[in-house]
Amino acid sequence: MRSVLLDCPPDKWGDLFSRQSLPKFRFNQIASWIFKKGETDWSKMHNLSRELQSFFELETTLRLPEVVESLPATDGTVKLVLRLHDGQMIESVIIPRGDRATLCLSSQVGCAIGCRFCRTAEMGLIRNLTLGEILGQMIVANRFLEASPIRDLLAPDDSAAIPLFRINHVVFMGMGEPLANLDNLIEAIQVMTSPGGFALSPRRITVSTSGLPSRIGELGRTGLCVNLAVSLTAADDETREKLMPINRHYPIQTILDACRNLPLKKRQRVTFEYVLLSGVNDRPEDARKLSRLLAPFRSKVNLIPFNPYEGSPFKRPSHEDVLAFQRILLDKSVVATIRKSRGADVLGACGQLAWEKKKEQKESQWNPVVFST
Ligand code: SAH
Ligand code: SF4
């Protein structure tokens, strides 16, 4: 059977083809074609002999997710709708910001965690993404940028609005719970950070999780030193249980304990994401409770005004309420930012497009609502 090359970590390619006893530099050449140049056509890898090209052609499958659609938003953000080999759909979002090109990646098709305010939750978990499917999103996004560089159309000054040719930041905030697909996540981060792979600094990679304490510990012990973002969204267990049923298994303190034990680099902080839901968790007393919870912590809070969708009982708070919530945190010396609701958030934050496609509601242009912090 042909092996799916990208589902195997590049440092194990030698074992995969051990009978050929190829020298290590051959695999480095192949990795460079795939990860640096985005090339998946063996016949174009001209520093490999014809013989080797046809060997790999015959023995391997080098498939990438297929871009079904690319949807640009008016702020420069582009959402890529991707079809996997078995027909499942995922999405990745490229977010330009000044000289940053951030890729928001999916880690699963659907999600099993069941957060009440999240559209992906309605899909349930369909399956984990393979290593190749996670890496494939990077390759496809880089190819896209190379062919049509994008820029931040909302950059405050022209100098920041430079065209971006390559992904230089990664956030695991697309569809799925990345820590529920931990082995593939870790291997993907290893390729992303290795000099022979995408050569990204781990400080430019953020993993967002609903908070699985033992998995947070495992990720910490890998020593990969990526940034961690924990979706807290409530400052007490009672409220959190209603919004994120997973809290019954892993209450807030168990998550905070796991975060406290993380080996953080100098100036590195854990981010706590807090989806603001009008009248549910956005009152001044919630902000005060949150500040008490996090004050002893080296952390920062990212406030995300709820992104409404059809059928959801929740409402997005007013901009004034969001600012008032932030003010309370800042007054208590808790670093708090408001996530700008850019194109990425309008339909991209949480698997909303794949879901809409299922319902056959197609949109070709989507407009971000812009918030200032
Ligand atoms: N499963 C991971 C990562 C994907 S979700 C996690 O939950 O952290 C990425 C972020 O989007 C999370 O912080 C989540 O709370 C937030 N989110 C989910 N649905 C949202 C919605 N409708 N509006 C705003 N943010 C949402
Ligand atoms: Fe899953 Fe994250 Fe959505 Fe919760 S918010 S259901 S963990 S994708």
Practice item. Can you confirm whether the stretch 82-97 contains a residue that is open to solvent by 10 Å² or more (accessible area, probe 1.4 Å) and within 15 Å of ligand 1 (Cβ to nearest atom)? Key: yes
Exercise for review: Quick one: in the stretch 70-124, of everything that is assigned to a loop (DSSP other than H, G, I, E, B) and within 13 Å of the chain's Cα centre (by Cα), which residue is farthest from ligand 2 (Cβ to nearest atom)?
Suggested key: 105
Revision key, fill the gap. Across the stretch 148-185, the tally of residues that are part of a helix (DSSP H, G or I) and at pLDDT below 95 stands at 3
Exercise for review: Being crowded, with 24+ Cβ neighbours inside 10 Å and more than 16 Å from ligand 2 (Cβ to nearest atom) is the filter; apply it to the stretch 159-190 and report the residue that is nearest to residue 119 (Cα to Cα).
Suggested key: 170
Point to revise | Odd one out for residue 60 among (1) among the polar types (S, T, N, Q); (2) in contact (Cβ under 8 Å) with a residue 60 or more places away in the chain; (3) within 17 Å of residue 136 (Cα to Cα) | key: (2)
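Matching residues to (1) within 16 Å of ligand 1 (Cβ to nearest atom); (2) touching a Leu at 6+ places or on another chain (Cβ under 6 Å); (3) open to solvent by less than 40 Å² (accessible area, probe 1.4 Å):
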position: 115; (1), (2), (3): yes, no, yes
position: 122; (1), (2), (3): yes, no, no
position: 125; (1), (2), (3): yes, no, no
position: 128; (1), (2), (3): yes, no, no
position: 131; (1), (2), (3): no, no, yes
position: 134; (1), (2), (3): yes, no, yes
position: 142; (1), (2), (3): no, no, yes
position: 146; (1), (2), (3): no, no, no
position: 153; (1), (2), (3): no, no, no
Review point. What is the residue count in the stretch 191-211 for residues that are open to solvent by 20 Å² or more (accessible area, probe 1.4 Å) and either within 16 Å of ligand 2 (Cβ to nearest atom) or on the phi > 0 side of the Ramachandran plot (or both)?
Key: 2
Check your understanding: How about the stretch 237-250: which of its residues are out of contact with any Phe, Trp or Tyr (no Cβ under 7 Å at 6 or more places or on another chain), surrounded by 16 or more Cβ atoms within 10 Å (Cβ to Cβ) and closer than 17 Å to residue 287 by Cβ?
Key -> 239, 240
Point to revise | Neighbours by Cβ (under 7 Å, 6+ apart or cross-chain): first from the stretch 170-185, on the phi > 0 side of the Ramachandran plot; second open to solvent by 10 Å² or more (accessible area, probe 1.4 Å) and within 12 Å of ligand 2 (Cβ to nearest atom) | key: 176/111
Point to revise | Output for the stretch 282-296, where each listed residue is open to solvent by 30 Å² or more (accessible area, probe 1.4 Å) and not charged (D, E, K, R) | key: 284, 293, 295, 296
Check your understanding: Of all helices (runs of 4 or more DSSP H) completely enclosed by the stretch 198-263, which ones contain at least 2 residues that are within 13 Å of ligand 1 (Cβ to nearest atom) and touching a residue at least 60 places away in the same chain (Cβ under 8 Å)?
Key -> none
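The values are calculated or read from the model by the stated rules, or taken from the named source; none is laboratory data. What you see is a predicted model, and the numbers here were worked out from it, not measured in a lab. A quick note on method: Cβ atoms are made from the backbone with ideal geometry, for glycine too, and the neighbour counts reach across all protein chains shown. Heads up: the accessible areas ignore ligands, DNA and RNA and are worked out on the full protein's heavy atoms, side chains in. Shrake-Rupley method; radii C 1.70, N 1.55, O 1.52, S 1.80 Å.
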